[in-house]
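Worksheet: one structure, shown below.
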Amino acid sequence: MMNTRLDADIKALGAQCISRGIQCAVAESCTGGLLGAHITRLPGASRWFAGGVIAYDNHVKMRLLGVEPNLLHTHGAVSEQVARRMAQGVCTLLHVHAALSITGIAGPDGGSPEKPVGLTWIGCALRGDTQAWSFQFQGSREQVRQAACAEALRCLLAQFP
């Protein structure tokens, strides 16, 4: 599926990484590898994209990405703290200087009044600085997942000076 805006954002992110001599990685939960698939769909991604981790299960978040159990217990998997740690953890694991993480509730079930379906946290790590933002996406499971990928790219692009 071609998405001109998404492709443009991927190309722009690649150009930013290449011009700075850095590689990027992803840590995905609710998107299940969709962001990595979008990135690698375009030719030339191997010049700047190292890879990613699909950390759907909390044990994977803990074992591979270094998410502390107390963060999961206190804040839940869909939280600012976990999104930040996922981004930091994939940077460490894959030895990169830029990373995106996505954790959310894609639906159609699994939501609660405190954390409704569509709630998504996106983490961005760039050269040791880590930020996270929350979004409330609407639509079907696939629409939430696609929107999360598109927004994640825009979040990291915005971090480049």
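The values are calculated or read from the model by the stated rules, or taken from the named source; none is laboratory data. From a predicted model like this one, the values you see are computed outputs, not experimental measurements. All Cβ positions, even for glycine, are placed from backbone atoms using ideal geometry, and neighbour counts span all protein chains on display.
Selection over the range 97-121 of residues that are of a type in the set (Val, Ile, Thr), more than 16 Å from residue 33 (Cβ to Cβ) and in contact (Cβ under 8 Å) with a residue 40 or more places away in the chain gives a count of 1. Restricting the first member to the range 58-69 and to residues that are free of Cβ contacts under 8 Å to residues at least 12 places away in the same chain, and the second to residues that are of a type in the set (D, E, K, R) and not in a helix (DSSP H, G or I), the beta-carbon pairs closer than 8 Å and six or more apart or on different chains are 62/68. For residue 139, the requirement of being modelled with pLDDT of 95 or more and outside any loop (DSSP other than H, G, I, E, B) is not met.
For the range 139-159, check the following and say yes or no: at least one residue is in contact with a helix residue (DSSP H, G or I) (Cβ under 6 Å, 6 or more places away or on another chain) and either without any contact (Cβ under 8 Å) to a residue 40 or more places away in the chain or more than 19 Å from residue 6 (Cβ to Cβ) (or both). Looking through the range 139-159, none of the residues is in contact with a helix residue (DSSP H, G or I) (Cβ under 6 Å, 6 or more places away or on another chain) and either without any contact (Cβ under 8 Å) to a residue 40 or more places away in the chain or more than 19 Å from residue 6 (Cβ to Cβ) (or both).
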